[in-house]
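Peer 1: There's a structure below that I have some questions on.
The values are calculated or read from the model by the stated rules, or taken from the named source; none is laboratory data. What you see is a predicted model, and the numbers here were worked out from it, not measured in a lab. Please note: Cβ atoms are built from the backbone with ideal geometry, for glycine as well, and neighbour counts cover all protein chains shown. Keep in mind that these areas ignore ligands, DNA and RNA; they rest on the heavy atoms of the full protein, side chains included. Shrake-Rupley method; radii C 1.70, N 1.55, O 1.52, S 1.80 Å.
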Amino acid sequence: MNQATTIAAYLREKLPFAPDIALVLGSGLGGLAEQIENAVIIPYRSVPGFPVSTAPGHAGQFVAGQLAGKNVLCMQGRFHYYEGHDMAAIALPVRVFKALGCRALVLTNAAGGVNWDFNVGDIMLITDHINFMGANPLRGTNDDSIGPRFCDMTHTYTPELQEKALAVAKKQNILLQKGVYLGYMGPSFETPAEIRAFRVLGADAVGMSTVPEAIAASHCGLPVVALSLITNMAAGMAGKRLDGAEVIEIADRRGPVFQKLVKGIVEVL
Ligand code: HPA
């Protein structure tokens with residue numbers, strides 16, 4: 001038994017059903033958890049060996065139940081590298097989802113727009129990422145029972161699930177941008193020079209999460225679909241300073257549209 005399978009066994013005891021789809025709700029996007037029917041709430045602090053989240057707008061609990069007719073297990077609040085968690089702690093919940101038998105992972109986040117064609121409030125389907133965090137959750141001894149030492153990252157953001165997400169957005173008449181997410185360690189925002197450099201590197205959006213979770217999912221063979229809510233244009237692009245409160249405010253304002261899209265995607269997964 002590794003730590004993930006131990007925690008999965010604990011959660012299995014608490015859950016009235018086997019979860020099918022796992023979701024990670026990012027900053028200000030936790031509202032989706034309120035739409036879960038027959039909700040069972042499990043605070044992270046009650047789970048032996050589980051880390052605790054400290055980021056603003058993150059509740060720090062699992063919410064399990066039915067969403068769009070599917071059995072879901074949702075993280076209302078995630079772990080960020082900038083909080084001081086090590087990468088293994090960020091990978092752990094993803095491995096727990098896999099151990100519980102989930103067939104897909106939906107990752108959501110708030111991100112800064114790097115692509116000049118984007119607008120605040122846009123939603124971006126992540127097609128690929130650039131790991132600029134300077135760390136990797138797979139570093140260290142490999143547990144071969146979880147995944148291979150050298151993990152292929154060619155289809156991390158599962159192509160079939162991207163197609164499904166695009167089809168749902170079209171049906172809901174929501175503009176869904178596509179792009180590359182660059183993971184930045186934070187917690188300081190990027191400098192304007194960094195943003196110019198990231199654009200040259202091929203980034204369309206920048207944020208402080210998602211990349212380690214996607215790597216862990218790739219490693220254990222869990223299909224991923226990931227969405228960013230563009231809460232601000234990145235540093236130096238809007239002629240004003242960045243503000244964490246504004247990120248939360250935009251996330252709250254666009255929450256209903258974002259939640260409708262995620263719910264629609266869960267329905268077809
Ligand atoms: N940079 C990094 N992370 C973010 C941003 C940003 O501009 N906006 C929301 N999360």
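Peer 1: Where does helix 192-201 land angle-wise versus the long Cα axis of the chain, in degrees 0 to 90, nearest 10?
Peer 2: 70 degrees
Peer 1: In nm, to one decimal, how far is the modelled label at LYS240 from the one at GLU160, with both set 7 Å along Cα→Cβ?
Peer 2: 4.5 nm
Peer 1: For a quick check, take a GNM of the chain with Cα springs below 10 Å and name the residue from TYR184, TYR157, TYR82 with the largest mean-square fluctuation.
Peer 2: TYR82
Peer 1: Output the 0 to 90 degree angle, nearest 10, between the alpha-carbon long axis of helix 159-171 and the longest principal axis computed from the alpha carbons of the chain.
Peer 2: Helix 159-171 and the main axis of the chain meet at about 70 degrees.
Peer 1: Something else now. Give the separation of the Cα centroids, segment 1-17 to segment 45-123, in Å.
Peer 2: Their Cα centres are 17 Å away from one another.
Peer 1: As I understand it, the value is the acute angle between the Cα axis of helix 211-220 and the longest principal axis of the Cα atoms of the chain; what does it come to in degrees, rounded to 10?
Peer 2: The two axes meet at around 40 degrees.
Peer 1: Right, here's the next one. So which lysines pass the test for LYS14, namely a Cα distance under 19 Å, with those fewer than 8 places away in the same chain ruled out?
Peer 2: LYS70, LYS98
Peer 1: Return the Rg/Rh value of segment 63-159, two decimal places, where both radii are evaluated on C-alpha atoms and Rh is the Kirkwood radius.
Peer 2: 0.97
Peer 1: Under the rule of at least 5 residues apart or a separate chain, name every residue whose amide H is placed under 5 Å from the amide H of ALA226.
Peer 2: Here LEU107, ILE126 satisfy the definition.
Peer 1: Of LYS170, LYS164, LYS70, which has the most accessible area and how do the rest follow, probe 1.4 Å?
Peer 2: Of LYS170, LYS164, LYS70, the descending order of accessible area is LYS170, LYS164, LYS70.
Peer 1: Each label point is 7 Å from the Cα along the Cα-to-Cβ direction; what then is the distance between the points at GLN172 and ARG253, in nm?
Peer 2: Reported label-point gap for GLN172 and ARG253 is 1.9 nm.
Peer 1: Report the residue, chosen from ILE174, ILE195, ILE230, that carries the largest GNM mean-square fluctuation when the chain is represented by alpha-carbon nodes joined by springs under 10 Å.
Peer 2: The residue with the greatest mean-square fluctuation here is ILE174.
Peer 1: Sticking with this one: Testing the spin-label approximation: label points 7 Å from Cα along Cα→Cβ at VAL40 and PHE150. State their distance in nm.
Peer 2: 4.2 nm
Peer 1: Would you calculate a helix-derived [θ] at 222 nm for the chain, using -39,500 (n - 2.57) for each DSSP H run of n ≥ 4 and dividing by the full residue count, to the nearest 500?
Peer 2: Helices in the chain give a 222 nm mean residue ellipticity of -10000 deg cm²/dmol.
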